[in-house]
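S.K.: Can you keep this structure in mind? I'll have questions shortly.
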Amino acid sequence: MNDWRTDASDGNYLYKGLVNHWQKFTFNPSGGLRLKRDITEYGEFVRSFNAPTVDEKFELLGILANVFIVAPESLSSLFEGTPSIRKDAQRFIQLRDDYKSAKLASRLSSLWSS
């Protein structure tokens, strides 16, 4: 049986590696759906580690992936009630392929300042 600390360490390493990798790309809604499916698969895999903190990170990634799927006008409603992930959400929103053309930075400035 693996030591739970090793599993948590492996899970955190996987999480950081995936997030760093994804930050090299931009995503359209179709790519966002594919990413969300992949995150679900990774989440199922890391659940076998029995490391609740890692499970939570992958659950939050699944929530964050929604920023690629919803219409720009719906973005601010995604994170009502979950202000703790706004910083990560902002980084992910910048990876949308329409980030500049939809002027999302200015549209969401009120969300980030609250």
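S.K.: Anything over 26 Å Cα to Cα? Flag those among K36/K100; K57/K100; K24/K57, in the order listed.
M.R.: K57/K100
S.K.: Taking θ as phi - 60°, what are the ³J(HN,Hα) couplings along region 29-39 by the Karplus curve (6.51, -1.76, 1.60), each to the nearest whole Hz, with x for Gly and Pro?
M.R.: 3J(HN,Hα) across region 29-39, in whole Hz: x, 5, x, x, 5, 5, 4, 4, 4, 4, 4.
S.K.: Assign unit charges at the C-beta atoms only (+1 for Lys and Arg, -1 for Asp and Glu), then state the dipole size of the chain relative to its Cα centre in Debye, rounded to the nearest 20.
M.R.: Here the size comes out at about 540 debye.
S.K.: Rank T40, P52, P29 by how far each Cα sits towards the positive end of the charge dipole of the chain (+1 on Lys, Arg Cβ; -1 on Asp, Glu Cβ) and give me just the farthest.
M.R.: P29
S.K.: In whole Å, largest first, what are the principal axis extents of the Cα atoms in the chain?
M.R.: The principal-axis extents, from largest down, are 50, 29, 18 Å.
S.K.: Next question, about the same structure. Rounded if a/c is under 1.5, else prolate if a/b is larger than b/c, else oblate: which is region 25-80, with a ≥ b ≥ c the root eigenvalues of its Cα gyration tensor?
M.R.: Oblate, since a/c reaches 1.5 and b/c is not below a/b.
S.K.: Okay, helix-only estimate at 222 nm for the chain: each DSSP H run of n ≥ 4 adds -39500 (n - 2.57), divide by all residues, round to 500 deg cm²/dmol; what do you get?
M.R.: -20000 deg cm²/dmol
Read-outs: derived from the displayed coordinates by stated rules, not from any lab. The structure displayed is predicted, hence computed values, not measured ones. Counting neighbours? That spans all protein chains shown, and the Cβs are built from the backbone with ideal geometry, glycine included.
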